Amino acid sequence: MAMASFGQRKSLLLLSRNLCRSDLLRYSLSLSSSSRTFSSSASASSEQDNDVVVIGGGPGGYVAAIKAAQLGLKTTCIEKRGALGGTCLNVGCIPSKALLHSSHMYHEAVHAFPSHGVKFSQVEVDLPAMMAQKDKAVSNLTRGIEGLFKKNKVNYVKGFGKFVSPTEVAVDTPEGGNTVVKGKNIIIATGSDVKSLHGITIDEKKIVSSTGALALSEIPKKLVVIGAGYIGLEMGSVWGRLGSEVTVVEFAPDIVPSMDSEVRKLFQRTLEKQKMKFMLKTKVVGVDTSGGGVKLTLEPAAGGEQSILEADVVLVSAGRIPFTAGLGLDAIGVQIDKAGRITVNERFATSVPGVFAIGDVIPGPMLAHKAEEDGVACVEFIAGKEGHVDYDLVPGVVYTHPEVASVGRTEDQVKAAGVDYCVGKFPFMANSRAKAIDDAEGVVKILAEKETDKILGVHIMAPNAGELIHEAVLALHYGASSEDIARTCHAHPTMSEAVKEAAMATYDKPIHI
C-alpha cells in the first residue's frame, strides 16, 4: 500500500510539474502586464505612498514586510517597540528558550554530569551572567532583522501607528514627533498582550507576567505560577531548575488542555518528578502583597473551603489577548469579534477594503510560526498570487525537558469525530540513541485512519520533540500513511527512529519492543 502510494504520488508530481510550467508561463505573462499597470498607477500617486504598510514588527509583521519587498512591492514597517521581532524575540520565545537552555545546562551539571564521569568540586548559578547571555542573543537577533530590512529595502519607521484613514497611518515617534505613512494596502500585525486576571495587578516585581519572569534579579525561593499552559510550564521549569519551589495553580482540571490526554498524563508525571507541584481545579480569589512576599487566597473551582498559598513571586500566565488598543480601528470601521480578534476572510482581508490582518490579532493559534505563515500568505494575496495556511497542521511545542510536540488531531478529537482509527506508540526507553545518552523519558504516538492508514495526528514527548515533529508535519501535509513513514529509512542511532517504530506499530508491529 505504501509503495503504491509512493508511485502514485511520483506520477502526480511529474504531471503537476509539467502543468505548473505551462501555468507559470501564462501567469508570468499576466503578471508582467498587471505589473506595468500597477507601476503606472503608483507613479501617478504621491512618492510617499507605499504598496504595503505593515503595522507591527513581530514574526508576522517583519516576515510580511520582507516578503512584500521580495515580491517587488514598496514596503514600510512600523514598530512601536524600537526593536524588531515583537514579543516573541524581545520578551517571549527567544529569551525564554535562552533561559530554558541555560537552566537545563545547570541542572544537567548538578544532576547528570557525575553519572557520565564529569565531576566538579562546586557548581553555582551566576544569574547576571545568565541574563546577559539571554540579552545578547536577543540583541543580536533584533539587529539581524534590521539587517534583513536593509538588504530587502524595507523602510523601517519606529513609533506607535494609528489609522487616520484606510490608507493612512499616523505614527507617534519616540522623539515626540508625528509622521503620516501612506499605503495602498495596510497589514495589521500588532500581535498580542498578556491576559490579566480580575483582582490581580501585575507590577513586574512581586506579581509578574512572562516579561517580568524573564528578568528576575534573584532566584525566588517560592514561585507560584497561575496557569498551566505552555508559557507557565516553561517558565516554571526555568526557575525550578535553578532552585525555586514551584507550584502551578490551574482553574481547569488538566494542564495544557489542547494536548492529547494520554501524553498529557505522562507529561504531568514527568514534571512532578522534577518537583513541580500542581493545584488543579483551583482558583485565585484574593491577593495580598502588603508583606515581604505574596499571599494568595485559593478555593476549589467549584467553590468550597479557602486556603492560603504564600510565594516570593507570582507569575500570571493565564494566556494572551489580541493587541488592538489605540490603533483607531473603530474610526475606519474594522470589525472585531467577541474575543477581541479582527474578523478576516480567507485572504486575510478585513471588513475595510485595503486593510488586512494577520497573526495573533486574528483567529487561529497564537504562535509565532503561524503568524509568519499568515504574513507570507497575506502578502502573496496582495501581490496577486495564491497563499494558504492550514491551521489544522500548525505544530505546537512545549519547550520543557522533555519537550512535548504535536500536530494534527488528538485521540480525544478523533474519538469525538466518530472515526475508526489505529494507534501506534513507541517509548524512548526502547530507542538506542536515547538509552546511549541516558535521556530516554518520552514516547511517540501516532493516530491513523483504520481504513486508509492516513495519518491523523502525531504526538511526541522527547528531549528534542520540537525537532522530531516536523517529519510528521510534512507527512500530514502530503496525506501520508503510517506505512509511508515506517518504510522510510531512518538513520541509526537517532531519536527519529522512534517515529519510524511508532509508525510501524500503527499499521503493523514495531521491531524493537
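The values are calculated or read from the model by the stated rules, or taken from the named source; none is laboratory data. Keep in mind the model is a prediction, meaning the values are calculated, not measured. We place every Cβ from the backbone using ideal geometry, glycine too, and count neighbours over all the protein chains shown. For accessibility, only protein heavy atoms count, side chains too; no ligands or nucleic acids. Shrake-Rupley method; radii C 1.70, N 1.55, O 1.52, S 1.80 Å.
Do you know which residues across the range 313-343 are open to solvent by 40 Å² or more (accessible area, probe 1.4 Å) and β-branched (V, I, T)?
I321, I336, T343
So which residues in the range 344-357 are crowded, with 17+ Cβ neighbours inside 10 Å and more than 13 Å from N185 (Cα to Cα)?
V344 - this is the single residue of the range 344-357 that is crowded, with 17+ Cβ neighbours inside 10 Å and more than 13 Å from N185 (Cα to Cα).
Which of the residues spanning the range 334-345 are touching a helix residue (DSSP H, G or I) at 6+ places or on another chain (Cβ under 9 Å) and within 22 Å of G396 (Cα to Cα)?
The answer is R341, and nothing else.
If only one of E467, E451, E441 is open to solvent by 40 Å² or more (accessible area, probe 1.4 Å), within 25 Å of Q268 (Cβ to Cβ) and not in a helix (DSSP H, G or I), which one is it?
Of the residues listed, the single one that is open to solvent by 40 Å² or more (accessible area, probe 1.4 Å), within 25 Å of Q268 (Cβ to Cβ) and not in a helix (DSSP H, G or I) is E441.
Here are some conditions: (1) part of a loop (DSSP other than H, G, I, E, B); (2) under 30 Å from V171 (Cα atoms); (3) more than 25 Å from the chain's Cα centre (by Cα). A331 meets all but one. Which one does it not meet?
For A331, the failing item is (1).
State which residue is least open to solvent (accessible area, probe 1.4 Å) when the search covers only the range 117-144 and only residues that are more than 25 Å from G58 (Cα to Cα) and hydrophobic (A, V, I, L, M, F, W, C).
Here the answer is L127.
If you take the residues in the range 140-152 that are free of Cβ contacts under 8 Å to residues at least 24 places away in the same chain and within 21 Å of the chain's Cα centre (by Cα), which one is farthest from K67 (Cα to Cα)?
Among those residues, the one meeting the criterion is N140.
So how many residues does the range 470-495 have that are open to solvent by 30 Å² or more (accessible area, probe 1.4 Å) and outside any helix (DSSP H, G or I)? If you could, list the steps in order and put the result at the bottom.
From the range 470-495, those open to solvent by 30 Å² or more (accessible area, probe 1.4 Å) are 470-471, 474, 477-479, 487-489, 491-494; that's our starting set.
Now narrow it down to the ones that are outside any helix (DSSP H, G or I): 478-479, 487-489, 491-494.
Looking only at that region, the number is 9.
From the residues in the range 273-312 that are of a type in the set (D, E) and touching a residue at least 40 places away in the same chain (Cβ under 8 Å), which one is most open to solvent (accessible area, probe 1.4 Å)?
Applying the filter and picking the extreme gives E310.
Looking only at the range 55-69, decide whether some residue is surrounded by fewer than 23 Cβ atoms within 10 Å (Cβ to Cβ), in contact (Cβ under 8 Å) with a residue 40 or more places away in the chain, more than 21 Å from K385 (Cβ to Cβ) and under 24 Å from the mean Cα position of the chain (by Cα).
No, the conditions are met nowhere in the range 55-69.
Which number in (1) open to solvent by less than 20 Å² (accessible area, probe 1.4 Å); (2) of a type in the set (G, A, S); (3) closer than 22 Å to P257 by Cα marks the one condition that G408 misses?
With (1) open to solvent by less than 20 Å² (accessible area, probe 1.4 Å); (2) of a type in the set (G, A, S); (3) closer than 22 Å to P257 by Cα applied to G408, the lone miss is (1).
Do any strands (runs of 3 or more DSSP E) entirely within the range 172-236 hold 3 or more residues that are open to solvent by 10 Å² or more (accessible area, probe 1.4 Å), and if so, which?
Counting at least 3 such residues, we get 178-188, 192-194.
Between a first residue in the range 196-210 that is polar (S, T, N, Q) and modelled with pLDDT of 95 or more and a second residue that is open to solvent by 60 Å² or more (accessible area, probe 1.4 Å) and not in a loop (DSSP other than H, G, I, E, B), which pairs have beta carbons less than 8 Å apart while being 6 or more apart in sequence or on different chains?
Qualifying pairs under 8 Å: S210/I231.
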